[in-house]
Structure formats: C-alpha cells, structure tokens
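Asks: Just passing along the structure, written as structure tokens.
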Amino acid sequence: MIKEIHEQPKVIRNTFKGYISALEPIVSLGVTREIDFNVLILACGTSYHAALVGRHLIQQLARIPVQVELASEFNYTEAVLSKTWAIVITQSGETADSIKALRKAKASGCRTLVITNVVGSSATRLADEVLYITAGPEISVAATKSFVAQLTMLYLLAFGWASTDARSLGNMIAELRQLPNRVHEILDREEAIAEQARHLAKYESQFLVARGVNFPIALEGALKIKEIAYVHAEGYAAGELKHGPFALLTPNTPVIAIAARDSTYDTLLANIKEIKARESPVIAIAGDADTEIDKYVDSVVRVPSVDPLFSPVVNAIALQLLAYYIARERACPIDTPRNLAKSVTVE
Ligand code: M6R
C-alpha cells in the first residue's frame, strides 16, 4: 500500500498525459457531450466515492445533471433512463454488482462508458466506450492510486465537457498539470502525518466530516481506516452530525474535519465549534495557507494549499497516509486485511 501511495504523482501524470493539448486549453477524451443528455454514475466502494466527487465536478463545470448510484442498489431501482450517459467506474472491471448495473443501464437504452484500470476486463467488453486510468497494477486490497487516477479521469471528463470560457479552462488545466508536484509535497510530510496517526491509533471509534466536494473524501478516509486499521470510522456530512451522531461524541471520539477554503468553510467552522462543545478532540486537515483553522481545533494535518476544486486529491492522500500509519501502529496486516478480496466477483 505504501508503495502504491508513493506512485501517485506518476499515476496522475500518466492518466492526464495524452488527453491535454500542449498548445490550447483543450481536453479531448473522445467521449462526446450529447445535447440534453443526463449522466448517471454507477460504482461500488472506493470507486463510488470517486463517482460522488465526479458529480460535483461535472455539474459545476459542465452544468449537466448527474445522478450517482451504488451499483449494488441500482440493480433494485426502477430507474428512468432516457437520454443518459451511464458511466461505470471500476478499478478491476470485474466487480459483480458494477457489471450487473452496466448490463441493466445498457439494456435500458443508456450510452455506456467504463472508467477502469484493467485492459480487457469484463466491463470493457460490455461498454460502448472505455477510458483507462493507467494506474498500473494495484496489488494492495485498499484502493489508493486507482482512486486518485479515477479522480484525475473525472477532472478530464468534466474539463472535456466544460461550458466555461477558454481562459478559466486553461487555468484549471494548468492546476491539474501542477497536481503531481503538490502530491510530492504531501508525501514529503509522511513523518508528520505518521505522528498524528500514532496518536489517533488508540481510539476505537472516529468520525470524519466535511462538506461539499470533500464530503466523499470523508467517506473514503473512513473506509480506508475501517478496512486496514480495523477501527470503527464513519464519514459524515458535517451538517448531519447534529441529526443523530452527536449522541456518540465524547472525549474518546476524535473527529477529523476536512477543511477546504471554498463556500463550505464558514459553516464547517461552525460545525467544528459544535463538536468541540461536546469535548471531542478535533483534528483538521487544512491547507498551509489556512491559519484561521488553528484557533478552532486541537491539531492540524497540513496539506499544500491548492484550488478547492483539486482539494479532494490532496486531502485523500493525507487520509491514505493517516489510515496506513494508524494500521501500522495497531500492527494490522495492511496489504491483506481480513475478510476482504481485491476484486469482489459475487453480488
Ligand atoms: O474494482 P472496483 O473499483 O469495482 O472495486 C470496488 C470496491 O470493491 C473497492 O473499491 C473497495 O471498496 C476497495 N478495496 C476499498 O479500498
């Protein structure tokens, strides 16, 4: 897992190279934006979390309505699917629920696109179009580099379909090109993150909260902690804690708050104050430029400051490292966690 975490700068570069023009602000994936089409994204586990980020990106940049469904549940819904691009995201291309959802979307008349890592996998043989994330073989059960590569592909898709002006698109593409360097900067902070993890490793129950485009990253961070460190961790929309989970907050329930300097920031600070009033320790994940956050929390995991649109990538990688070092501290078998398989080929 740690090897795959460290491959991420290269993986991001490999995923975007070839799709971005060197001369103009143009991203061409060969997947056309159809007039009046909606988008439906189907996936499981970590790939589902990438899909939730993708919804934000496509809706914000391309102004196309996007619905996201767990593939395992989509198979039991009566979906209305006229004029729809159904996008199935699956690292392995072999996940049984995702394949079944893909078949259903296709039979319902959707145009289908698979985003996968595995050439020739079952999903690629069923879909109308395929985009490969080129993350290279991912051996560890916990998905890390494939998640970041999926996010990169979703940025490209949103840029390719974007209805923004050429100048803003050019700026976003320039940020994407810089992202591998930002990721190197997080990886250089591994020891500081490991130190925070050693402290967190003693708690048996944790919450991760965020708002907006980082809410799926709270879900993903919690999944990583559960999966490899065997700690009960729940990802929650920050505004939802007060609708029930507050009852669980005690000085023994740390809350990791992912803070992005976007329109969610002030409300998130208000949520952090509410959590502190319940005496839970709060650890923020925040950008270097955010000096405000220190006044509200017990400690801060620092990540490089990036445009909030790209903050899911840097925050996800900080959480991968945090989960990894919590698991190490608890002496867990990180690459082969109990009860799990890399590819889930049963429904
Ligand atoms: O191969 P897929 O992307 O379809 O796999 C989906 C999930 O089984 C997978 O992401 C799982 O949640 C990961 N082990 C989480 O780290």
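The values are calculated or read from the model by the stated rules, or taken from the named source; none is laboratory data. Quantities reported herein were computed from a predicted structural model and do not represent experimental measurements. Cβ coordinates were reconstructed from backbone atoms using ideal geometry, including for glycine residues, and neighbour counts include every protein chain displayed.
Asks: Return the residues of segment 202-217 that are under 14 Å from I256 (Cβ atoms) and surrounded by 19 or more Cβ atoms within 10 Å (Cβ to Cβ); say none if nothing qualifies.
Replies: Hits for segment 202-217 are Q206, F207, L208, V209, A210, R211, N214, F215, I217.
Asks: Hey, another quick one. Tally the residues that are closer than 30 Å to S168 by Cβ and not charged (D, E, K, R), restricting the search to segment 52-103.
Replies: Final tally of qualifying residues: 21.
Asks: Right, another one. Across segment 248-294, what is the number of residues that are of a type in the set (K, R) and either buried (at least 21 other Cβ atoms within 10 Å of the Cβ) or not in a loop (DSSP other than H, G, I, E, B) (or both)?
Replies: Qualifying residue count, segment 248-294: 2.
Asks: Now for a different question. Looking at L223, L169, which one is under 14 Å from the mean Cα position of the chain (by Cα) and surrounded by fewer than 24 Cβ atoms within 10 Å (Cβ to Cβ)?
Replies: Answer to the selection: L223.
Asks: Kindly provide the set of residues from segment 121-146 that are within 11 Å of the ligand (Cβ to nearest atom) and within 15 Å of S98 (Cα to Cα), ordered by number.
Replies: S121, S122, A123
Asks: Being over 16 Å from the mean Cα position of the chain (by Cα) and assigned to a helix (DSSP H, G or I) narrows it down to one of R33, R13, so name that one.
Replies: R13
Asks: Right, here's the next one. T84: within 12 Å of the ligand (Cβ to nearest atom), of a type in the set (S, T, N, Q) and surrounded by 19 or more Cβ atoms within 10 Å (Cβ to Cβ), yes or no?
Replies: no
Asks: Something else about it: Could you tell me whether any residue of segment 101-122 is touching a residue at least 60 places away in the same chain (Cβ under 8 Å) and surrounded by fewer than 18 Cβ atoms within 10 Å (Cβ to Cβ)?
Replies: Checked segment 101-122: no residue is touching a residue at least 60 places away in the same chain (Cβ under 8 Å) and surrounded by fewer than 18 Cβ atoms within 10 Å (Cβ to Cβ).
Asks: Please count how many residues of segment 1-11 are in contact with a Ser or Thr (Cβ under 7 Å, 6 or more places away or on another chain) and more than 26 Å from A229 (Cα to Cα).
Replies: Adding up the residues that qualify gives 0.
Asks: While we're looking at this one, here's another question. Return the total of residues in segment 35-50 being surrounded by 21 or more Cβ atoms within 10 Å (Cβ to Cβ) and either without any contact (Cβ under 8 Å) to a residue 40 or more places away in the chain or hydroxyl-bearing (S, T, Y) (or both).
Replies: Residues meeting the conditions: 3.
Asks: Next up: The conditions are (1) within 16 Å of the ligand (Cβ to nearest atom); (2) among the aromatic types (F, W, Y); (3) out of contact with any strand residue (DSSP E or B) (no Cβ under 8 Å at 6 or more places or on another chain), and Y76 fails exactly one of them. Which is it?
Replies: Every condition holds for Y76 apart from (1).
Asks: On the given criteria, is R103 at pLDDT 95 or above, more than 16 Å from the ligand (Cβ to nearest atom), assigned to a helix (DSSP H, G or I) and of a type in the set (D, E, K, R)?
Replies: Spelling it out, it is not the case that R103 is at pLDDT 95 or above, more than 16 Å from the ligand (Cβ to nearest atom), assigned to a helix (DSSP H, G or I) and of a type in the set (D, E, K, R).
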